[in-house]
Amino acid sequence: MARQGEERMNRLEDMMAEVWRAFAETDRRFVETDRRIDERFERTDRVLELLSEQVQQTSKEVQLLSKEVRASTKKWGELSNRMGRLAEDFVAPSIPRILHTITSYPNGQIDMSAVRLRRRHPADHGRSQEFDVVAVCGDYVLINETKSRLNVKDVDDFVDLMTQARDFFPEYADRHFIGALASLYVDESVVRYGQNQGLLILGLGDDLMKVLNEPGFVPTKF
């Protein structure tokens, strides 16, 4: 009986030891899980911190970009004003000489000349158009547009404008309308393209603006 009792005690001790080992393993796993959770929270906190820093940096960059956009808008406005002055200071004084070059009228004999002239459409009062330079000489009305840099699209757009220009000047319905595009620098390919569209192409020369078209060129009468 004593031996049986001893065996029971041994089994009970073994069972208790196993239970304690299970408890210890469970506790170890809880501790490990808590450690991993803490690490994940730390990483999450760091990610959130980095995101917050990135948002703040992005906000600063957006504010800086906004300032740059406003500055660029101001510069474009200044450029537009300078281009208006270019039409006044360079192109308009050259128009009598240019008209003399392509017509038989004496140099300087201009019936009417205007810079940055805005006209309202006589039939559609909701439409208006600004013209950089308009000069009337005898049978001719010359419409000029000045660009900082001239490209093919500018030529196409101006041709479209020239097809409608006559409508804004009913008082000159019996005149020939011719178009001239001007810029300080014009690539030769654009000169050829504009010439093929029947336009005068003007560039900076020794005497203010000069005609870049081939000698003998006759502009289209729109």
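How large is log10 I(q)/I(0) at q = 0.15, 0.18 Å⁻¹ when the Debye formula is applied to the Cα atoms of the stretch 85-172, each weighted equally and without solvent?
Per q value, in the given order, log10 I(q)/I(0) is -0.60, -0.86.
What spacing in nm lies between the two simple spin-label points modelled at Met112 and Glu7, each 7 Å away from Cα in the Cβ direction?
13.1
If each of Ser104 and Lys221 carries a label point 7 Å out from its Cα toward its Cβ, how far apart are those two points in nm?
1.2
May I ask you to list the chymotrypsin sites (Phe, Trp or Tyr not before Pro) in the stretch 104-204 that are in a DSSP loop and have at most 15 other Cβ atoms within 10 Å of their Cβ?
Answer by residue number: Tyr185.
Mind pulling up the Rg/Rh value for the stretch 104-222? Radius of gyration and Kirkwood radius, both on Cα.
Computed over Cα atoms, the ratio is 0.95.
So how far apart, in nm, are the two label points at Arg192 and Arg43 if each is 7 Å from Cα heading toward Cβ?
Using points 7 Å along Cα→Cβ, the separation is 6.4 nm.
Bear in mind these aren't lab numbers, they're just calculated from the coordinates by the rules spelled out. Quick caveat, the model's predicted, so the values are computed rather than measured. Methodologically, a virtual Cβ is constructed for each residue, glycine included, from the backbone with ideal geometry; neighbour enumeration extends over all protein chains shown.
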